[in-house]
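Novice: One structure is given below, represented as structure tokens, and several questions about it will come after.
No lab work stands behind these numbers, since they all come straight from the coordinates. If you're wondering where the values come from, they're calculated on a predicted model, not measured in any experiment. Cβ atoms come from the backbone with ideal geometry, glycine included; neighbour counts cover every protein chain shown.
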Amino acid sequence: MSEPLIELRNLKKVYAVPGGEVVALDGVSLKILRGEIYGIIGMSGAGKSTLIRCINRLDQPTDGAILIDGENMLSMRGNDLVRMRRRVSMIFQQFNLLMQKTVARNVRYPLEIAGVPKHRANARVKELLQIVGLEDKVDAYPAQLSGGQRQRVAIARALASDPQVLLCDEATSALDPMTTQSILALLKDINERLGITVVLITHEMAVIRQICTRVAILDGGRIAEEGTVDDVFVHTRSAAGKRLFGILPENDADEQLKVPALRIVFDGGRENRPIIAELVRKCGVDVNILSANIRRIGGKPYGQMLIGMPEDAEVRDKIMKFLLGEGLTVKEVWPQ
Amino acid sequence: MKWDILWEALGETVYMTVPSTLIAYALGLPLGVLLVITRKGGIKPLPTFNTVLGAVVNFLRSIPFIILLAMLFPVTRIVMGKAIGTQSIIFPLTVSAFPYVARMVEGSFSEVDGGIIEAAQSMGSTTLQIIRKVLIPEALPSLINGFAICMTTILAYTAMASAAGGGGLGSLAIIKGLNLRKFDIMYAASVILVILVQVITMLGAYFTRKFDHRIR
């Protein structure tokens with residue numbers, strides 16, 4: 001549980017684009033331990049997809065080193081790379097199933113290409129479909145399945161080669177919240193029961209919180225911070241992390257704003273008290289909650305809330321005074 | 001009597017079309033695969049090779065069939081034994097069609113979702129395994145559709161067989177029908193050609209749908 005299975009050393013990836021270069025990864029170093037579920041989180045464009053695709057060389061890093069079980073992934077060619085890829089499976093946001101093949105044939109594909117005899121492959125397919133709970137869909141085609149079922153087929157297929165590592169490239173981002181839950185539960189189950197190391201990238205912190213043991217925050221192609229999930233969530237140090245967890249003002253909510261509002265920021269700095277109820281009671285004002293995005297981490301509230309700004313300047317001042325008196329950060333926000 | 005020559009001509013047309021299409025595919029299919037896998041971003045990128053191959057294919061494709069037919073006379077004589085006649089025309093038809101087939105096949109393969117190919121790569125597939133087990137099966141419906149289109153195109157080219165002493169419905173319509181002013185034969189031959197094209201198109205559409213599991 002403590003030795004690194006995957007080690008990235010100063011990984012760089014530079015894309016040539018018309019009129020210049022884009023640095024997608026700017027010196028990423030990471031150690032992913034055997035048997036853990038490691039999450040990499042970042043905004044879109046942070047380089048997380050490039051990072052995970054470099055691990056199995058779907059993308060070619062410009063510089064650096066990738067060691068998997070001590071073997072250098074970047075010096076591998078031809079057969080060595082093929083052999084290594086069979087030990088490092090991957091699932092995708094868009095599932096990427098063979099659309100002209102049945103569920104069984106999809107799951108059997110990795111066994112076919114590895115030359116496993118047919119009867120043994122078929123028995124294994126049955127076993128794998130049991131693990132993901134799709135025994136009854138053996139002869140269905142992917143087009144007949146729901147998104148969640150498709151991802152289950154993809155997971156069964158990824159497990160067929162008995163991999164050491166499962167890479168998940170935004171594996172739940174195309175799924176609804178309920179289905180996301182069940183897929184995450186399945187991934188955790190696979191990690192625990194089969195001892196497969198899971199590396200996942202996501203832009204949703206809920207995913208990280210739910211199943212990851214450790215997390216890295218990627219921002220602008222660099223690791224902004226890294227650590228155990230509890231530690232990173234409770235003692236967020238980096239600006240990127242604070243932005244991700246809604247501790248600093250998020251711009252998303254502002255963009256949809258139609259009326260003037262007050263933004264209240266909860267940064268976990270005080271104990272858990274019913275602030276809004278007190279505000280209503282003590283100031284005798286009506287509070288219109290426009291949006292709220294608050295998470296309890298270690299029993300403390302993190303996040304922000306937008307409430308409608310009263311037209312009456314006097315009432316507004318009263319509210320501001322109360323909230324500031326409570327030690328909260330309050331800002332006026334205007335529709336853009 | 002009239003029906004006899006129509007039946008005979010129909011037989012000749014089929015005799016020219018089917019082997020030409022099959023041989024054109026035997027050459028064009030691998031060429032189409034090469035065009036797809038060696039292009040930039042393909043599974044075996046060889047940009048220079050791809051550019052040269054593409055240029056050769058385009059060059060062959062841009063020569064009008066009737067001119068190619070004449071240009072190839074000496075080669076046809078060597079390959080087929082003689083330069084003219086129904087059987088000999090299979091050679092120029094094939095030469096004219098296979099670059100077209102290659103582009104058609106290339107188009108079908110390009111439609112295959114890149115994500116599926118990446119998934120296959122991530123599972124440790126060799127290039128050959130991707131071609132055999134991913135590209136071709138995934139593109140199958142589109143390949144069938146392309147096959148039907150190529151066959152109707154080759155069928156249309158057989159009408160020019162009369163220029164090289166070949167038979168078939170086209171020759172019948174031009175030589176007996178037009179030149180000898182037997183317009184009923186010309187129309188009858190044309191109608192049969194139209195029906196043939198319809199049948200091929202319908203069969204193509206039927207099998208395209210039958211083999212496409214993305215639907216429903």
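Novice: What length, rounded to one decimal in nm, is gained on full extension from residue A:280 through to residue A:228, with 0.36 nm per residue of separation minus their alpha-carbon distance?
Specialist: Details: separation 52, 0.36 × 52 = 18.72 nm, distance 3.85 nm.
This chain segment gains 14.9 nm when fully extended.
Novice: With just the Cα atoms defining each centre, how far is the stretch B:149-216 from the stretch A:1-75? Give it in Å.
Specialist: Using only Cα atoms to place each centre, the spacing works out to 57 Å.
Novice: Using the Karplus curve 6.51 cos²θ - 1.76 cosθ + 1.60 with θ = phi - 60°, work out ³J(HN,Hα) for each residue of the stretch B:194-199 in order, rounded to whole Hz, and write x for Gly and Pro.
Specialist: 4, 4, 4, 4, 4, 4
Novice: Take peptides B:106-115, A:310-319 and line them up by average Cβ neighbours within 10 Å, highest first, as a rough protection proxy.
Specialist: B:106-115, A:310-319
Novice: Quick one: among A:120, A:243, A:222, which has the greatest mean-square fluctuation in a GNM of chain A with alpha-carbon springs under 10 angstrom?
Specialist: A:120
Novice: So what are the ³J(HN,Hα) numbers for the stretch A:4-14, from phi and the Karplus equation (6.51, -1.76, 1.60; θ = phi - 60°), rounded to whole Hz, Gly and Pro as x?
Specialist: x, 8, 10, 10, 9, 10, 6, 6, 10, 9, 10
Novice: Could you work out which residue, out of A:56, A:191, A:122, moves most in a Gaussian network model of chain A, that is, has the largest mean-square fluctuation with Cα springs under 10 Å?
Specialist: A:122
Novice: Out of A:225, A:36, A:326, any idea which swings most in a Gaussian network model of chain A, alpha carbons joined below 10 Å?
Specialist: Taking springs between Cα atoms under 10 Å, the residue moving most is A:326.
Novice: Could you give each residue of the stretch B:109-120 its phi-based ³J(HN,Hα) in whole Hz, using Karplus coefficients 6.51, -1.76, 1.60 with θ = phi - 60°, and x for Gly or Pro?
Specialist: Calculated HN-Hα couplings, in order: 5, 5, 6, 5, 3, x, x, 5, 5, 4, 4, 4 Hz.
Novice: Within a 10 angstrom radius of the beta carbon, how do B:35, B:6 rank from fewest other beta carbons to most?
Specialist: By the 10 Å Cβ count, ascending, the order reads B:6, B:35.
Novice: What does the net charge come to around residue A:313 if you take all other residues with beta carbon closer than 14 Å to its beta carbon, with K and R at +1 and D and E at -1?
Specialist: -2
Novice: Also, I was wondering about something else. Could you tell me the relative contact order of the stretch B:152-216? Use alpha-carbon pairs under 8 Å, at least six residues apart, and round to a whole percent.
Specialist: 23
Novice: Let's test the formula: R0 of 45 Å, r as the Cβ-Cβ distance of residue A:146 and residue A:324. What FRET efficiency results, to the nearest 0.05?
Specialist: The formula returns an efficiency of 0.35 here.
Novice: In percent, how large is the relative contact order of chain A, given Cα pairs closer than 8 Å and 6 or more residues apart? Can you show the working numbers first?
Specialist: Working: 615 pairs, mean separation 59.8, N = 336.
Reported relative contact order: 18 percent.
Novice: Let me ask you something else. Evaluate the distance, in nm, between pseudo-label points positioned 7 Å from the Cα of residue A:77 and of residue A:293 along their respective Cα→Cβ axes.
Specialist: Each label point lies 7 Å from its Cα, and together they span 4.8 nm.
Novice: Still on this structure, I have one more. Compute the acute angle (0 to 90°) between the alpha-carbon long axis of helix A:147-159 and the principal axis of greatest extent of the alpha-carbon atoms of chain A; round to the nearest 10°.
Specialist: 50
Novice: Ok, one more. Can you compute the modelled spin-label distance between residue A:69 and residue B:179, with each label point 7 Å from Cα toward Cβ, in nm?
Specialist: Roughly 7.5 nm, to one decimal.
Novice: Taking amide H positions as placed 1.01 Å from N in the peptide plane, with prolines and chain starts having none, which residues 5 or more places from residue A:222, or on another chain, fall under 5 Å of its amide H?
Specialist: Close amide H contacts, sequence-distant or interchain: A:26.
Novice: Pull up all non-local amide H partners of residue B:86: gap of 5 or more, or a different chain, and H-to-H distance under 5 Å with H placed in the peptide plane.
Specialist: Counting only residues 5 or more places away or on other chains, the set is B:167.
Novice: Report relative contact order for chain B in percent, whole number only (criteria: Cα-Cα under 8 Å, sequence separation at least 6).
Specialist: Relative contact order comes out at 27 percent.
Novice: Another question about this same structure. Can you flag which of A:101/A:137; B:2/B:182; A:188/B:133 are past 20 Å Cα-Cα?
Specialist: Too far apart for the 20 Å limit: A:188/B:133.
Novice: While we're here: With r as the distance between the Cβ atoms of residue B:48 and residue B:14 and R0 = 35 Å, compute the FRET efficiency 1/(1 + (r/R0)^6) and round to 0.05.
Specialist: Here the calculated transfer efficiency is 0.25.
Novice: I would also like to ask the following. Under 16 Å Cα-Cα from residue A:48, which lysines qualify once same-chain neighbours fewer than 8 residues away are excluded?
Specialist: Here the lysines satisfying the reach criterion relative to residue A:48 are A:12, A:13, A:31.
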